[in-house]
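Asks: Structure provided below as structure tokens; questions to follow.
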Amino acid sequence: MKKIAKEWMVKQPAFDEKAGTWGERDNLPSDRFPKVFYAGTGNPPDLSLMAKARHDGAAYVYSLLTGYGEKPDPAKAAKFPDVAKTPEGMYFNPYFANLNISMPPPLTSEGQVQYDDGTRATVDQMAKDVSAFLVWTAEPTLQKRHQAGVAVVIFLLFATGLAYGAYLTVWRGMKH
Ligand code: HEM
């Protein structure tokens, strides 16, 4: 992770105290995603916390990435003609809150990435992986935290047994 962050081509702005000027530094894993500017209809949002910012984040990102081809439901489209109209330069996507998104479909064809282990890079596979990745970026310590939770519960059960044993021993033979 450190290596990927360090080698990322978009650097972080940094103030050089000696020279008194602004320069650049390499990224750290704790940095936000560097801002990229896209000369289209809008700037892409920072996705580092997207999986947490949206309800059922992983499913949302997956659906958004694979939902472009879907057509508006004709019954609904007739009822809400304004919603069915996609403005110039936008893309219909039933999973986006206002149904028309300015992000062009990023995953369009098989093989846009290559998997080291030879997995077939279908759009579905890439969408699943990028969603899982965004769940990780939103909370990189989640798995460790869950594992610690299991250990804590086991310890507490053990401690409860121990305390109960001590209680029985201390109060043995006493009427209480
Ligand atoms: C696999 C790569 C990508 C993923 C996973 C992704 C994911 C997302 C997600 C989840 C949103 C919705 C944010 C929300 O709910 O508010 C979004 C919005 C957006 N993305 Fe992407 N994106 C990707 C690639 C790109 C690329 C390559 C571009 C530019 C060419 C782009 C431009 C945008 C823009 C402009 C928006 C804002 C849309 C709006 O508010 O109408 N994205 N992206």
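Asks: Give me the accessible area per residue for the chain, probe 1.4 Å, as a whole number in Å².
Replies: Each residue of the chain exposes 77 Å² on average to a 1.4 Å probe.
Asks: On average, how much area does the Cα convex hull of region 12-81 cover when viewed from any direction, in nm²?
Replies: Across all orientations, region 12-81 yields a mean hull projection of 8.2 nm².
Asks: Same structure, new question: Taking region 78-118 on its own, what percent of its Cα-Cα pair distances exceed 11 Å?
Replies: Counting pairs separated by more than 11 Å, the tail of P(r) holds 71 percent.
Asks: By how many nm would the segment from Glu24 to Gln112 grow when fully extended, if each residue of separation counts as 0.36 nm and the alpha-carbon distance is taken off?
Replies: Between Glu24 and Gln112, full extension yields 28.6 nm more.
Asks: On the first, second and third principal axes, largest extent first, how far apart are the outermost C-alpha atoms of region 45-88 in Å?
Replies: 36, 21, 17
Asks: Now for a separate question. Report the residue, chosen from Lys35, Lys144, Lys52, that carries the largest GNM mean-square fluctuation when the chain is represented by alpha-carbon nodes joined by springs under 10 Å.
Replies: In the Gaussian network model the winner is Lys144.
Asks: Taking only the alpha carbons of region 1-149, what extent do you get along each of the three principal axes, in Å, biggest first?
Replies: Extents along the principal axes: 64, 41, 34 Å.
Asks: Oh, and also: Using mean Cβ contacts within 10 Å as the protection proxy, how do 68-75, 114-121 order, highest first? Show your work: numbers first, answer last.
Replies: Numbers: 68-75: 11.9, 114-121: 9.2.
Top to bottom by mean Cβ count within 10 Å: 68-75, 114-121.
Asks: Residue by residue through region 48-64, which ³J(HN,Hα) values in whole Hz follow from phi under the Karplus form 6.51 cos²θ - 1.76 cosθ + 1.60 (θ = phi - 60°), with glycine and proline marked x?
Replies: Calculated HN-Hα couplings, in order: 4, 10, 4, 5, 9, 6, 10, 4, 6, x, 4, 5, 5, 4, 4, 5, 4 Hz.
Asks: Starting from the Cα-Cα distance between Lys175 and Lys6, subtract it from 0.36 nm times their residue separation and give me the gain in nm to one decimal.
Replies: Length gained, Lys175 through Lys6: 53.9 nm.
Asks: What percentage of the solvent-accessible surface of the chain, computed with a 1.4 Å probe over protein heavy atoms, is contributed by carbon and sulfur atoms?
Replies: After summing per-atom areas, the C and S share lands at 63 percent.
Asks: Compute the Kirkwood hydrodynamic radius of region 50-119, taking the inverse of the mean of 1/r over all pairs of distinct Cα atoms, and give it in Å to one decimal. All intermediate terms of the calculation are to be shown ahead of the outcome.
Replies: Working: mean 1/r = 0.0725 Å⁻¹.
Final number for the Kirkwood radius of region 50-119 is 13.8 Å.
Asks: Follow-up. Given the C-alpha atoms of region 63-176, compute the convex hull and give its volume per residue in Å³.
Replies: Values: hull volume 25.7 nm³, N = 114.
Cα-based convex hull of region 63-176, divided per residue, equals 225 Å³.
The values are calculated or read from the model by the stated rules, or taken from the named source; none is laboratory data. Note that the coordinates shown come from a computational prediction; the quantities given were computed from them, not determined experimentally. Don't worry about glycine lacking a Cβ; one is built from the backbone with ideal geometry, like all the others, and counts go over all protein chains shown. The accessibility values were calculated without ligands, DNA or RNA, using every heavy atom of the protein model including side chains. Shrake-Rupley method; radii C 1.70, N 1.55, O 1.52, S 1.80 Å.
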